[in-house]
Amino acid sequence: VEGVKHIIECHCILPQYRERKDPVYHKFVAFSTIDESDTVVPFHYQCNNCATVHKIYDICKSEIVAGKDESASVERIKDISLSLSKSLVELFESYSLDLPDYMMARYIIENKKWGTTIVLSKESEDQNTSGKILRFIEADRFRVESFSRKEYLGE
Ligand SMILES: [Zn+2]
């Protein structure tokens with residue numbers, strides 16, 4: 001089982017891009033898992049700008065789900081928080097992490113992907129990016145680490 005963060009393009013346009021002739025569609029981050037048979041597990045996810053429900057069926061690929069009822073099946077941060085420890089949820093809240101990070105944390109814990117990290121915060125200056133990451137050491141053991149490296153560019 002593997003997990004990957006990827007970018008999904010929506011059909012909505014952020015207000016600051018509305019005047020442009022070539023449309024710049026809004027993009028958002030999603031987290032998908034890939035099962036043992038190399039299949040991306042499909043799930044419903046709501047655009048963080050226009051709330052349209054997407055069925056994400058492949059890496060960087062989705063189709064828009066017609067009908068409003070599907071939004072009831074979309075997972076929320078509070079749903080996922082139930083399966084994470086309280087201290088982890090508090091940490092995530094303090095860094096204002098978004099839904100894909102919660103999904104990734106649940107995936108790391110459920111699949112015991114110890115050693116995996118999640119970016120908590122980062123800042124770029126010149127060619128250098130610095131910030132903090134959370135390392136999952138083992139069940140209920142985490143460590144916040146600082147980083148200041150060029151490799152993290154584009155992460
Ligand atoms: Zn949208």
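Go over the candidates Ile137, Ile59, Ile80, Ile108 one by one and state the one that is at pLDDT 95 or above and closer than 27 Å to Tyr25 by Cα. Answer to the selection: Ile59. Among the residues of region 14-30, those that are within 20 Å of Asp98 (Cβ to Cβ) and among the aliphatic types (A, V, I, L, M) comprise Leu14, Val29, Ala30. Going by what's in this entry, would Thr33 be described as more than 19 Å from Tyr102 (Cα to Cα) and polar (S, T, N, Q)? Answer is no for this residue.
Restricting region 5-20 to residues that are more than 12 Å from the ligand (Cβ to nearest atom) and surrounded by 14 or more Cβ atoms within 10 Å (Cβ to Cβ), the residue that is nearest to the chain's Cα centre (by Cα) is Lys5. Ala105 meets all of the listed conditions (1) surrounded by 15 or more Cβ atoms within 10 Å (Cβ to Cβ); (2) outside any helix (DSSP H, G or I); (3) among the hydrophobic types (A, V, I, L, M, F, W, C) but one, namely (2). When restricted to residues that are at pLDDT below 95 and either loosely packed, with under 11 Cβ neighbours inside 10 Å or touching a Gly at 6+ places or on another chain (Cβ under 8 Å) (or both), region 113-134 contains 5. Residues in region 26-43 that are more than 19 Å from Val1 (Cα to Cα) and touching a residue at least 24 places away in the same chain (Cβ under 8 Å) were compared, and the one that is farthest from the ligand (Cβ to nearest atom) is Val29.
Checked against (1) surrounded by 12 or more Cβ atoms within 10 Å (Cβ to Cβ); (2) within 13 Å of the ligand (Cβ to nearest atom), Pro23 meets all criteria but (1).
Note on region 44-87: among residues that are outside any loop (DSSP other than H, G, I, E, B), of a type in the set (A, V, I, L, M, F, W, C) and loosely packed, with under 14 Cβ neighbours inside 10 Å, the one that is farthest from the ligand (Cβ to nearest atom) is Ala72.
The values are calculated or read from the model by the stated rules, or taken from the named source; none is laboratory data. Quantities reported herein were computed from a predicted structural model and do not represent experimental measurements. Quick reminder, even Gly has a Cβ in these numbers, built from the backbone with ideal geometry, and neighbours come from all protein chains shown.
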